[in-house]
Amino acid sequence: MSGLRVPDPDDRAALGTFVGRAVRLDPGATVRLHAADGRVTAWATTPFDVLATWSVPGTLEPDDATAPAVALLTALSVDRAATVEVGPAAPWRAPLPPPEAWGLVVPVPAVELETLTDRALERARTTAGPHGPSPDLLDEAAFTVTGGATAGERPVRVPVRCLFALSGLGLIGASAAPDETVGVSATRGWLRLDTRHGAVVRRRVTSLPLLAV
């Protein structure tokens with residue numbers, strides 16, 4: 001198994017909270033950890049085909065590992081040690097964004113996203129089938145902002161599924177301050193929404209499934 005070291009207890013608690021949210025949204029979620037430059041970044045799967053991510057100061061040996069979110073949550077919340085075992089290895093089949101600069105497109109008021117999310121959730125309740133919200137609803141544009149050079153000079157379209165992921169993970173909600181914003185950033189191929197509690201990431205162009213390397 002892999003060893004994860006996060007020296008600061010507040011950072012460990014924050015990472016545990018993030019992983020716990022992923023588990024509540026999807027008990028079968030998988031978390032991939034990657035260490036670089038003194039930080040460990042966690043990537044968690046969600047049922048909306050959107051990745052959630054959180055980063056804390058720490059180290060990982062080896063520097064890349066994947067485990068069931070439940071196992072990692074147990075290690076963080078039960079052991080509560082500076083160094084914990086990540087858990088049994090698990091497969092990871094989602095592509096990750098490349099390590100390139102994200103160009104900030106625009107900060108969007110969190111309360112506006114909450115309103116858009118509530119409207120989409122109401123539609124989902126009335127139209128959902130046996131497998132949940134329809135793909136058509138999930139892929140609808142919740143809102144669109146104008147991209148800059150890093151985003152490829154294209155409008156950045158934020159699908160409903162990203163808002164559902166933010167809401168399901170507790171990254172936006174009724175506790176948002178009136179002046180709180182969600183940062184929308186993008187590269188040519190990826191979209192990212194950052195909150196003070198974490199972020200979600202989604203490919204901007206859907207293509208054939210790729211395996212992460």
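Data table
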quantity: Convex hull volume of the chain per residue (C-alpha atoms, cubic angstrom); calculated: 127 Å³
quantity: Fraction of accessible area attributable to carbon and sulfur, the range 69-135 (%, probe 1.4 Å); calculated: 59 percent
quantity: Label point distance in nm, ARG154-ARG188, each placed 7 Å from Cα along Cα→Cβ; calculated: 1.0 nm
quantity: Label zone at THR59 (point 7 Å along Cα-to-Cβ), backbone N below 12 Å, the range 77-93; calculated: 83
quantity: Cα-projected label distance for VAL111 with ALA128, points at 7 Å along beta-carbon direction, nm; calculated: 2.8 nm
quantity: Solvent-accessible area per residue, Å², over the chain with all protein chains present [probe radius 1.4 Å]; calculated: 50 Å²
quantity: Relative contact order for the chain, counting Cα pairs under 8 Å that sit 6 or more residues apart, in percent; calculated: 22 percent
quantity: Proximal charge balance of VAL78 [Cβ under 13 Å; K/R count +1, D/E count -1]; calculated: 0
quantity: Longest exposed-site-free window of the chain, the sites being GluC sites (Glu not before Pro) in a DSSP loop that have at most 12 other C-beta atoms within 10 Å; calculated: 1-99
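The values are calculated or read from the model by the stated rules, or taken from the named source; none is laboratory data. Here the structure is a predicted model, which is why all the values come from computation and not from measurement. Glycine gets a Cβ as well: all are built from the backbone with ideal geometry, and neighbour counts include every protein chain shown. When the accessible area is computed, the model is the full protein with side chains, heavy atoms only, and any ligands, DNA or RNA have been set aside. Shrake-Rupley method; radii C 1.70, N 1.55, O 1.52, S 1.80 Å.
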